[in-house]
Amino acid sequence: MNRKGQSVDFEELIKLIFIVPILLIMFGAIFGVLNSIGQDNCPACDCSQYQNQVTNLTAQLELCQNQTKEIVYANRTVEVPVEVIKEVPTNNDSVPTKIIISLSILLSIFLTFHLFKIEINFPEEVNEKLKNIHKWIIRAKWASLVFTIILLLWGLVKLFIFIKNLF
């Protein structure tokens, strides 16, 4: 086989470089959704302490019923009406989902910074092919940068909303 006569198709290589991260993100999202389908997020309840309290209260009630004196003040409490019950949403993402999301963001940041530093000297034939797709490379760089900025802003907004709901 003549190795010098063979040429590498750089168009296919560049397409592969753009398609693999997208497929990785898609498979990660599908894995995260499939992972969360069968999970039961309800904690198990231990009611034994309440059962003991019920038996104690029943015994105290029987003692009180047997007394002849009238109870004047059993409980000195003041009822305060509750105006609004504020429900705070919780994030129930599983650990693999968080890892996949974090890796996707890191991959996006890594690709954004490294795509802006590509400087390769190809043979003349390949340079002619690259001239045809050069505008798509520039668009992909800017799209990656915009996507990274959107993800970071979205994360900051979620963080501020979470902090706001705490207080």
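The values are calculated or read from the model by the stated rules, or taken from the named source; none is laboratory data. The model shown is predicted, which means the values in this text are computed figures rather than measured ones. Glycine also receives a Cβ, built like all others from the backbone with ideal geometry; neighbour counts cover every protein chain displayed.
Does ASN52 qualify as being modelled with pLDDT of 75 or more, of a type in the set (S, T, N, Q) and either in a helix (DSSP H, G or I) or exposed (fewer than 11 other Cβ atoms within 10 Å of the Cβ) (or both)? Answer is yes for this residue.
Scanning the range 72-80 finds one or more residues that are at pLDDT below 75 and of a type in the set (Gly, Ala, Ser).
Looking at ILE163, ILE120, ILE150, just one residue is in a helix (DSSP H, G or I), exposed (fewer than 10 other Cβ atoms within 10 Å of the Cβ) and free of Cβ contacts under 8 Å to residues at least 24 places away in the same chain, and that residue is ILE163.
Within the range 14-22, can one find any residue that is touching a Pro at 6+ places or on another chain (Cβ under 7 Å), modelled with pLDDT of 70 or more and not in a loop (DSSP other than H, G, I, E, B)? No, the range 14-22 contains no residue that is touching a Pro at 6+ places or on another chain (Cβ under 7 Å), modelled with pLDDT of 70 or more and not in a loop (DSSP other than H, G, I, E, B). Given the structure, is LEU115 at pLDDT below 80, loosely packed, with under 10 Cβ neighbours inside 10 Å and either under 30 Å from HIS134 (Cα atoms) or of a type outside the set (D, E, K, R) (or both)? No.
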